[in-house]
Amino acid sequence: MEVAERRRKSLFDIFEEIVGHIDRVIEELVGIEICESPLCDVSKRELKPLVHVYETEDEVIVTIDLPYVRKEDIKLSASEDTLKIEAPIRERVKLSRWGPYQREVEFEYFRRTIKLPSNVEPERAKAKFKDGILQVFLPKKIYGYRIAVE
Amino acid sequence: MERETFRIIGMEGVDVKGAKLLVGIPDVGLVGVIATSHIVQSLKMKELGHIDSDEVPPIVVIHENEPKSPIRFYGDGGNLLVLTTEIVLPPTAIFTVSRGIARWAKSQGVDLVIGLTGLATPNRLEIEKPAVYGVATNPETRQILGKAGIKPFEEGLLVGTYATLLRECLRAEQANLTLLAEAHLQFPDPGASASIIETLNRLLNLNVDVGELLDKAEEIRVKARELMKRTQEQLRSLKKIQEQELPGIYV
């Protein structure tokens, strides 16, 4: 099954997967992000939300910090291995004379695509939102066969 | 000759005998940093001095066109001192800075070092008002805990900066009280900071209003994201997760 699946993917996809896997392993071991980037994109007026990804035996739980966001504005979509969040910020967040931007900058959106640590069944995912924190529960895809114990 | 790696600058003429020193360093939920920052602003405390060390990352904070050290002391003119930092300390600096603070506090006659931090709580989302727990290094301070109605942190592990500060205070025989508010591990938690401040109000007879802090909670959560991200990386490297593991065997 896995071999058949691999044949459908391009060499580039497989290479990207391997690089992603190595990055995650190094991140876990050393505790640093490989491609360090700030949590904002000034040109697009976007902020990347803080995210915590946690894995149990049965599901992947993604918790996302979304201050200034209304529940009804959240756009959430998932594939087998990614979760995408988009949400407009209720009030524009302004920062004045900050860091490399010695002028006022504004942010209007939270946007982030999160790579999941295991394949999931996105159609069975559930989400809840409380106090500006979004929790998404994604059941893991089950592979293999049940073996009877005699 | 041993290289001098820790210096306290600007505090030479300040009488800190009998003072209570509040410490806010990036850790779980940035609870200590948010709390100390709010206390400094509310009580209009004055900047007194700073810590310098060769092991502190090469960072200068610029406020209103003035370069400042990232680890600074503030005072209220009375017996309240605050030590706060806006940077995440690398593991080697944690030891040097903690040891330096403990020894300096002991040598200057500081009455009590109070560490303010968060206790990573998996079901934090379900908790309206975070509880605050305390660990004290000596029986006298444990009595104060009881009088202020602070629940003792009975069993478990503490990992990271505040654990090192606690240990170094024990070594230096400097009284230390570490307050831990139930908090989000990975996100800035102004609600937990508010609980800590309310506890300090009772403990030290302060009058710091937390209303403004709670009103500005969303703004703080947005602005503290980058610091929280760096703190997350540090907590991972320090294996903070050990705090949540089931107990081992204690003799």
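The values are calculated or read from the model by the stated rules, or taken from the named source; none is laboratory data. Just so it is clear, the structure is predicted and the values come from calculations on it, not from any experiment. Counting neighbours? That spans all protein chains shown, and the Cβs are built from the backbone with ideal geometry, glycine included.
What number of residues in the range B:1-25 are assigned to a loop (DSSP other than H, G, I, E, B) and touching a strand residue (DSSP E or B) at 6+ places or on another chain (Cβ under 7 Å)?
7
Name, by its number, the condition in (1) free of Cβ contacts under 8 Å to residues at least 60 places away in the same chain; (2) out of contact with any Leu (no Cβ under 6 Å at 6 or more places or on another chain); (3) exposed (fewer than 15 other Cβ atoms within 10 Å of the Cβ) that does not hold for A:LYS130.
(2)
For B:LEU235, state whether it is out of contact with any Cys (no Cβ under 7 Å at 6 or more places or on another chain), touching a residue at least 12 places away in the same chain (Cβ under 8 Å) and buried (at least 18 other Cβ atoms within 10 Å of the Cβ).
yes
Answer with yes or no whether B:GLU182 is part of a strand (DSSP E or B), of a type in the set (D, E, K, R) and under 25 Å from B:ARG236 (Cβ atoms).
yes
Would you be able to say whether some residue in the range B:122-134 is surrounded by 21 or more Cβ atoms within 10 Å (Cβ to Cβ), under 19 Å from the mean Cα position of the chain (by Cα) and not in a loop (DSSP other than H, G, I, E, B)?
yes
Name the single residue, out of those in the range B:204-241 being more than 11 Å from chain A (Cβ to nearest Cβ) and part of a helix (DSSP H, G or I), that is farthest from B:LEU116 (Cα to Cα).
Checking each candidate, the answer is B:ASP215.
If I filter the range A:122-134 down to residues being within 15 Å of the chain's Cα centre (by Cα) and not in a strand (DSSP E or B), which single residue comes out as farthest from the other protein chains (Cβ to nearest Cβ)?
A:PRO122
Of B:GLN143, B:GLN174, B:GLN186, which residue is surrounded by fewer than 16 Cβ atoms within 10 Å (Cβ to Cβ) and of a type in the set (S, T, N, Q)?
After applying the criteria, what remains is B:GLN143.
Starting from residues that are modelled with pLDDT under 95 and within 12 Å of chain B (Cβ to nearest Cβ), keep the ones in the range A:54-66 and report whichever is nearest to A:TYR109 (Cα to Cα).
Filtering the range A:54-66 for residues that are modelled with pLDDT under 95 and within 12 Å of chain B (Cβ to nearest Cβ), the one nearest to A:TYR109 (Cα to Cα) comes out as A:TYR54.
In the range B:100-121, which residue that is assigned to a helix (DSSP H, G or I) and small (Gly, Ala, Ser) is farthest from B:ARG167 (Cα to Cα)?
Across the range B:100-121, the extreme among qualifying residues is B:SER107.
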